[in-house]
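The values are calculated or read from the model by the stated rules, or taken from the named source; none is laboratory data. Remember, it's a predicted structure, so these values are computed and weren't measured experimentally. For the accessible areas, the whole protein counts, side chains as well, though only heavy atoms, and no ligand, DNA or RNA atoms are used. Shrake-Rupley method; radii C 1.70, N 1.55, O 1.52, S 1.80 Å.
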Amino acid sequence: MGSLSIWHWIVVIAVVLLLFGRGKISDLMGDVAQGIKAFKKGMQDDDKTAADKPAEPVKTIDHNAAPAPTAARTDVGSKAV
């Protein structure tokens, strides 16, 4: 029970050709080729639209900024009555 011999492959190919016929296989391969071309064209269109967009300015956050001065609170804590 190893690999298939050349005769097994010939029989498999003959059955596939009988079931699908030469025309259907060539049509299928043509459809696959058109799909690949459409995919490549779509990828190129995406690259072009990304290149056409102007670059947005980079937003940064300054972590070293000094905090705004706050007024001292006088109402903190409990007051004895």
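Among (1) within 22 Å of the chain's Cα centre (by Cα); (2) acidic (D, E); (3) at pLDDT below 65, where does D75 come up short?
Result: D75 passes all but (1).
So, D46, is that one modelled with pLDDT under 90, open to solvent by less than 100 Å² (accessible area, probe 1.4 Å) and on the phi < 0 side of the Ramachandran plot or not?
Yes; evaluated as a whole, the condition is true for this residue.
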